[in-house]
Amino acid sequence: HFDADHKLVDFIQRKVDKLETFYDRLVDGEVFLRLNNEGIENKTVEIKLNVPGSQLFAIEKARSFEAATDQATDALRMQ
C-alpha cells in the first residue's frame with residue numbers, strides 16, 4: 001500500500017538482472033515489497049523467479065528494502 005521510489009525500483013532491477021549470470025534461462029519473476037508493523041527490521045522483500053522446470057523463491061526482512069534485496073538475491077544465488 002505504497003508507491004516505491006524510482007531509485008528503489010532501479011536498484012532491485014539491477015540486483016535481479018545480475019542473477020542472469022547464474023541462471024541464463026530466467027523465464028520471468030516477481031518482486032513483492034511489504035512494510036511490516038513489527039520491530040526494527042520492518043521491511044520485507046519477496047523474490048520469485050521462474051526457470052525452466054523449477055521456481056526459485058526467497059523472502060528476507062531487513063531495516064531497508066535495499067538490504068533485504070541484497071539478502072534475497074544472495075539466497076537465490078545459493079539456490
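The values are calculated or read from the model by the stated rules, or taken from the named source; none is laboratory data. Just so we're clear, the structure is a prediction, and the values are computed from it rather than from any experiment. Because the Cβ atoms are built from the backbone with ideal geometry, glycine has one as well, and the counts that use them run over all protein chains shown.
For this structure, a couple of remarks:
- Residues that are modelled with pLDDT of 90 or more and either surrounded by 16 or more Cβ atoms within 10 Å (Cβ to Cβ) or of a type outside the set (A, V, I, L, M, F, W, C) (or both) within region 1-10 comprise His6, Lys7, Asp10, listed in sequence order.
- In the set (1) in contact (Cβ under 8 Å) with a residue 24 or more places away in the chain; (2) surrounded by 15 or more Cβ atoms within 10 Å (Cβ to Cβ); (3) not in a loop (DSSP other than H, G, I, E, B), the condition left unmet by Leu26 is number (3).
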